[in-house]
Amino acid sequence: MTQVMVFAENNGEKVHPVSYELLAKGRELAEKLGGELTAALLSGNEIDTGELIFRGADRVYFGKDEALADPIETVHKEAFVQVIEEAGPEVILIGATNFGRSLAPRVAMALDTSLTADCTGLDIDEDKNFIQIRPAFSGNILAHIKSRTSPQLATVRYKEFTEAPRETERQGEVMEVELYLDRGNQGQVEILGEQRGEQVNLEDAEVVVAGGRGLKKEEDFELIGELAEVLDGKVGASRPLVDDGWIGREHQVGYSGRRVKPGIYFACGISGQSQHLAGMKESDTIIAINNDPSAPIFEYADYGLVGDLYEIVPELIRQLKEGN
Amino acid sequence: MPELTYVVLIKQVPDMDQVEFDYEEGRVDRSSAPLEPNPFDLNALEEAVKYKEAVGGRVVAISMGPTQAESTLKDAIARGADEGILLQGKEFAGSDTWATSLALGYAIETLAGFDLVFAGEKTVDGDTGQVGPEVAEYLDIPHIAFVSEVSKREEGKIEVESECWGATYTKSMETPGLITVTKDVNEPRLPSFKDKQRARKAEIKTWGVEDIAIDPDNLGITGSPTRVANMEVPPPDKRESLILREDPGNAVNQLLEKMDLGRSK
C-alpha cells in the first residue's frame with residue numbers, strides 16, 4: 001500500500017507543531033494516492049506516540065535510542081534511514097525547520113533520492129504524481145517539481161498548512177523499530193552546551209510590530225516594544241537595523257531573517273524592500289506606518305497610515321490602552 | 001604533513017535586487033541583472049579565511065557553473081582564497097541539488113585532502129540550502145548547519161554555535177567536517193584594490209567530468225532525481241490598501257474601528 005510518512009521532529013519532550021500540519025496535508029495526499037499515513041518518531045526518550053495517532057497517523061514508527069537525545073544529524077540520519085527502509089514509504093514529509101532542513105538532505109543523499117526544499121504547496125496530480133510547489137529566486141517564482149526516484153522527500157514550511165484536528169477516538173498502531181546505530185560515528189559532533197530562554201520565536205507570534213529605517217535611534221525600539229506589549233505581540237525589525245546592531249538578528253523579518261505570518265503585522269518606518277516583503281507579505285493583516293506616501297510598503301498593506309511614526313505609534317498605544 | 005585545506009563552496013547568482021521577472025511568460029530574465037557571488041557564500045569564504053589566519057593552511061574555492069563563473073572564483077581569490085576551481089562542462093548543466101552535491105563531492109575527493117568544508121546556508125536563486133548537508137553525506141563526514149558563530153578554531157576541531165530545536169547549541173566537531181553558515185557568522189571583508197589586481201591575474205582551474213572521474217549519467221537533467229515540471233511567476237502580492245492621511249488621532253481611531261482592535265465595547 002502506498003504510504004505517506006511524516007517525520008515527527010521532537011526535542012525529546014515535545015513534537016514540533018509543524019508535524020501536525022504535515023499530518024493534515026499527509027492525510028490529504030494519502031487519500032488521493034489511496035494509501036496510508038504514517039509517522040516516524042525518533043527520540044532519545046519515551047515520548048507520547050498517541051498524539052500522532054490522534055492527529056491522523058495510521059501507524060507510528062517509533063525508534064528510541066539515547067543517542068537521539070541530541071540534535072546530531074549523522075545519528076538521526078542513520079536512524080531515519082533504518083525506519084524508512086523498514087516502513088517503505090513513497091512520500092516523506094519533513095518540517096522545514098533548521099533541523100529538518102539540515103537532516104533531510106543527508107537522508108536524501110544516503111538513499112540517492114529526490115528532495116525538494118521548503119515547499120509551500122503539495123498535491124497529487126491525475127497520474128498520481130507527487131507535485132511539490134516551492135518558491136525560489138528569493139520568493140519571486142514558484143516552481144512545480146516532480147521526482148523520478150523513490151522515496152520522494154520534501155521539506156515543508158512551518159505554518160503553511162493548518163494543523164490536523166485532534167481526534168482522541170482515533171485508533172492506530174505503534175511499531176517500535178529496533179535501531180542499530182553505529183557507535184563509531186558518534187562523538188564526531190559533541191554538544192558542549194545548550195541555551196534556551198532567549199528565543200524570540202517570531203514565527204509563533206499572533207502580532208508582530210516591526211521597526212525599520214524610520215526609527216531615528218536605537219533607544220526608539222522601546223516605542224515599538226511598547227506597542228508590541230499592548231497588543232501582546234513580538235518585536236520585529238528590518239535588516240538594516242539588525243545589521244547596524246540596534247537589535248538582535250532573532251528579530252529580523254525578511255528573506256535572510258525570519259518568515260512570519262501573524263494575524264497582524266505592523267510595519268513602522270519600513271519602506272518595503274523585496275528583502276523585507278519576502279518575510280511578511282503573507283501576514284493576515286498588514287498595517288504600514290510611514291511618512292513617505294510613495295513607500296512601496298503601502299501597496300502591500302491593508303491599512304496605510306501616512307505620517308510620522310513618532311506621533312502615530314504613541315497615539316496607537318494611547319488609544320489601545322484606553323479601549324481596554 | 002599535507003597542508004591543512006579548507007574548501008569553500010561558492011555559486012554565482014544574479015543580483016536579486018536587479019533581476020527581472022516576466023510575470024506573463026512565467027520566467028526569470030537572468031540577463032537582466034549582473035552576476036555576483038551568492039551573498040551567503042561570502043560569509044562561508046570569510047569564515048574559511050579566518051580559519052586559515054588562525055590555524056594556517058590554504059583555502060580552495062570550488063564552484064560549478066558556466067565559464068563566466070570564473071569571475072566569482074576570482075572574486076573569492078581577491079577575498080582571501082588561495083585557489084579557485086570551476087566545474088564546467090555541458091554535462092553539469094541542469095543538475096538538481098543531489099547531482100550538484102555529487103559533483104562537488106567528487107571534486108573535493110579529487111583534492112589531495114581536506115579538513116573543513118564551508119558553505120552558505122542557502123543560495124538566493126535556488127533557495128534550497130540542501131547542497132551543504134548533501135555534500136557532507138556524500139563525503140561521509142559530519143556537518144553542522146546554520147552556524148551563527150565560530151567560537152573556536154583549532155587544528156582538527158571546530159567549535160560553533162548553531163540554532164535548532166528551539167535552542168542555541170554549542171557544538172564541537174572533529175575534522176574532516178562541513179559547516180553551513182548564516183549571515184550572523186561574520187562580516188565579510190571587502191577586497192582591496194591590490195587584492196583585486198592580484199586576483200585578476202590568478203589562474204582558475206577548470207575541471208570537467210573526466211578530471212573528477214564522475215559518470216555523466218549522474219549529472220544534469222538526466223541524472224537529477226527531481227525536475228522542474230513548470231514554473232510560475234506569481235504577480236506581486238499587492239493589496240487593496242485603505243490609506244489614512246488624517247491627523248494621528250483620527251487615523252488611529254479609524255484604524256482601530258475598522259479592525260475592531262482593542263474596542264471592548
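Within the range A:100-122, the set of residues being of a type in the set (Gly, Ala, Ser), at the interface with another protein chain (Cβ under 7 Å from one of its Cβ atoms) and either part of a helix (DSSP H, G or I) or at positive phi (or both) comprises A:SER102, A:ALA108, A:ALA110.
Inclusion of A:ILE84 among residues that are of a type in the set (Val, Ile, Thr), crowded, with 22+ Cβ neighbours inside 10 Å and more than 10 Å from chain B (Cβ to nearest Cβ) is not warranted.
If you take the residues of the range B:150-183 that are over 25 Å from A:GLY12 (Cα atoms), facing chain A (nearest Cβ under 10 Å) and of a type in the set (Lys, Arg), which of them is surrounded by the most Cβ atoms within 10 Å (Cβ to Cβ)? This residue is B:LYS183.
Scanning the range A:250-263 turns up no residue that is touching a Gly at 6+ places or on another chain (Cβ under 9 Å), within 11 Å of chain B (Cβ to nearest Cβ), closer than 23 Å to A:THR120 by Cβ and basic (Lys, Arg).
Look at the range A:55-75: where a residue is over 20 Å from B:ILE141 (Cα atoms) and a partner is part of a loop (DSSP other than H, G, I, E, B) and hydrophobic (A, V, I, L, M, F, W, C), sitting 6+ places away or on another chain with Cβ atoms under 6 Å, you get A:ARG55/A:ALA164; A:GLY56/A:ALA164; A:TYR61/A:VAL177; A:GLY63/A:VAL177; A:GLY63/A:LEU179; A:ASP65/A:LEU179; A:ASP65/A:LEU181. Among the residues of the range B:126-149, write down those that are assigned to a strand (DSSP E or B) and more than 7 Å from chain A (Cβ to nearest Cβ). Answer for the range B:126-149, where residues must be assigned to a strand (DSSP E or B) and more than 7 Å from chain A (Cβ to nearest Cβ): B:VAL147, B:SER148, B:GLU149. Quick test for you: out of A:ALA267, A:ALA228, A:ALA237, pick the one residue that is more than 10 Å from every other protein chain (Cβ to nearest Cβ) and in contact (Cβ under 8 Å) with a residue 40 or more places away in the chain. Going through A:ALA267, A:ALA228, A:ALA237 in turn, just one is more than 10 Å from every other protein chain (Cβ to nearest Cβ) and in contact (Cβ under 8 Å) with a residue 40 or more places away in the chain: A:ALA267. Candidates in the range A:151-185 are the residues that are within 10 Å of another protein chain (Cβ to nearest Cβ) and not aliphatic (A, V, I, L, M); of these, the one that is farthest from the chain's Cα centre (by Cα) is A:ASN185. When you look at A:ARG196, is it closer than 30 Å to A:GLU73 by Cβ, touching a strand residue (DSSP E or B) at 6+ places or on another chain (Cβ under 9 Å) and at pLDDT below 90, yes or no? So A:ARG196 passes the test.
Take residues that are modelled with pLDDT of 95 or more and tell me which of the helices (runs of 4 or more DSSP H) falling wholly in the range A:205-324 contain 2 or more.
On the way: elements: A:221-230, A:239-243, A:274-280, A:309-323.
Correct list: A:221-230, A:309-323.
Evaluate the following for A:THR74: is it farther than 20 Å from A:TYR20 by Cβ and among the hydroxyl-bearing types (Ser, Thr, Tyr)?
Criteria met by A:THR74.
In this structure, A:GLY304 does not satisfy being buried (at least 21 other Cβ atoms within 10 Å of the Cβ), more than 8 Å from every other protein chain (Cβ to nearest Cβ) and small (Gly, Ala, Ser). Taking the criterion of being surrounded by fewer than 21 Cβ atoms within 10 Å (Cβ to Cβ), among the aromatic types (Phe, Trp, Tyr) and within 20 Å of B:PHE114 (Cα to Cα), would at least one residue in the range B:204-227 satisfy it? Looking for residues that are surrounded by fewer than 21 Cβ atoms within 10 Å (Cβ to Cβ), among the aromatic types (Phe, Trp, Tyr) and within 20 Å of B:PHE114 (Cα to Cα), one finds at least one in the range B:204-227, hence yes. Among the residues of the range B:231-260, those identified as within 7 Å of chain A (Cβ to nearest Cβ) and either within 24 Å of the chain's Cα centre (by Cα) or part of a loop (DSSP other than H, G, I, E, B) (or both) are B:MET231, B:GLU232, B:VAL233, B:PRO234, B:ASP237, B:LYS238, B:ARG239, B:SER241, B:ARG245.
The values are calculated or read from the model by the stated rules, or taken from the named source; none is laboratory data. Please read these numbers as outputs of a predicted model, since none were measured by experiment. We place every Cβ from the backbone using ideal geometry, glycine too, and count neighbours over all the protein chains shown.
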